[in-house]
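Presented below is the structure to which this report refers.
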Amino acid sequence: MSNPPPPPPLPGPMNTPPEPAEWLRLRALGVLNNLVGMVALGRRAGLTPEQCARFVVEQYRDHGFHDGWRTQHGTGNAAQFAEIFAAGRRMLYDEVIVSEAEGGFLVRSRAWYYDPQPEVFFFMDVELPELDRFSVEVMRVHAEELSIELDIRRSGEWEVALIRPRRES
């Protein structure tokens with residue numbers, strides 16, 4: 001006995017995929033929703049955004065991510081770090097511009113979620129600065145583990161990150 005054929009799809013918007021640009025926006029919103037939710041969950045557990053970020057990086061470290069990175073890319077590989085930093089930022093930012101600067105790389109990123117703010121910030125009772133603190137700390141601690149110097153500053157909607165090999169003292 002075989003399975004009957006599935007019913008035909010419904011006509012209309014439920015079965016019409018969004019345009020590629022809209023897919024990107026929906027995926028970015030999904031990532032943002034999860035990050036904001038993580039910050040809210042951390043707060044409920046009594047953690048600051050920075051403590052949440054360190055927890056995330058500890059999971060990576062404890063499961064060998066940083067050892068694997070150093071084996072594959074070498075210690076202090078600012079170029080490779082800038083590449084993954086920019087790729088990650090492209091998931092949440094409209095514009096990501098990478099250039100060489102000061103013995104390393106400058107990554108400038110403009111966030112789309114500053115104006116208007118997605119409703120997840122309201123429903124999770126999270127402020128933009130809390131999310132910024134979380135996302136900066138995640139990358140700062142990853143960089144530290146990989147002997148990378150990372151300086152991230154914010155100027156309005158723009159985040160500016162300077163990435164270079166850490167200078168040994």
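The values are calculated or read from the model by the stated rules, or taken from the named source; none is laboratory data. Everything numeric here is computed off the predicted structure, so don't read it as measured data. As a convention, Cβ positions derive from the backbone with ideal geometry for all residues, glycine included, and neighbour counts pool all protein chains shown. For accessibility, only protein heavy atoms count, side chains too; no ligands or nucleic acids. Shrake-Rupley method; radii C 1.70, N 1.55, O 1.52, S 1.80 Å.
The table for this structure:
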| quantity | calculated |
| --- | --- |
| Calculated FRET efficiency for the pair residue 14/residue 80, C-beta based, R₀ 41 Å, to 0.05 | 0.45 |
| Using θ = phi - 60° and Karplus 6.51 cos²θ - 1.76 cosθ + 1.60, couplings along region 48-55 (whole Hz; Gly, Pro as x) | 7, x, 5, 5, 4, 4, 5, 4 |
| Residue-span extension gain [residue 56 to residue 144] - 0.36 nm each, minus C-alpha spacing | 30.3 nm |
| Charge dipole (region 23-169, unit charges on Cβ, about Cα centre) - positive-most of 118, 152, 65 | 65 |
| Of all accessible heavy-atom area on the chain, the percent that carbon and sulfur account for (1.4 Å) | 56 |
| Per-residue ³J(HN,Hα) for region 88-96, Karplus 6.51 cos²θ - 1.76 cosθ + 1.60, θ = phi - 60°, Hz, x for Gly and Pro | x, 5, 5, 6, 10, 10, 6, 10, 9 |
| Sites matching trypsin sites (Lys or Arg not before Pro) across region 127-166 that sit in DSSP coil, with at most 16 neighbouring C-beta atoms within 10 Å | 166 |
| Gained length - residue 122 relative to residue 63, 0.36 nm times residue gap less alpha-carbon distance | 17.8 nm |
| Sum of side-chain charges, residue 25 neighbourhood, beta-carbon under 11 Å (Lys, Arg +1; Asp, Glu -1) | -2 |
| Other-chain or far-sequence residues with amide H under 5 Å of residue 101's (modelled H) | 106 |
| Within region 123-168, GluC sites (Glu not before Pro) in DSSP loop having at most 11 other beta-carbon neighbours inside 10 Å | 168 |
| Per residue value of the accessible surface for the chain (all protein chains in place, 1.4 Å probe), Å² | 63 |
| Electrostatic dipole magnitude of the chain [Cβ: Lys, Arg +1; Asp, Glu -1; Cα centre; debye, to 20] | 200 |
| Most positive-pole-ward Cα, 21, 36, 75, against dipole of region 8-90 from beta carbon charges | 36 |
| Taking N as its residue count, the alpha carbon Rg of the chain over 2.2 N^0.38 Å | 1.26 |
| Space enclosed by the convex hull of the alpha-carbon atoms of region 75-141, per residue, Å³ | 97 |
| Percent of Cα pairs exceeding the 17 Å cut-off, where the set is region 1-100 | 73 |
| Residue 158-residue 2 FRET efficiency (beta carbon distance; Förster radius 45 Å; 0.05 resolution) | 0.15 |
| 14 Å beta-carbon shell around residue 97, net charge (K/R +1, D/E -1) | -2 |
| Estimated FRET transfer efficiency when R0 is 25 angstrom, pair residue 34-residue 99 (beta carbons, to 0.05) | 0.25 |
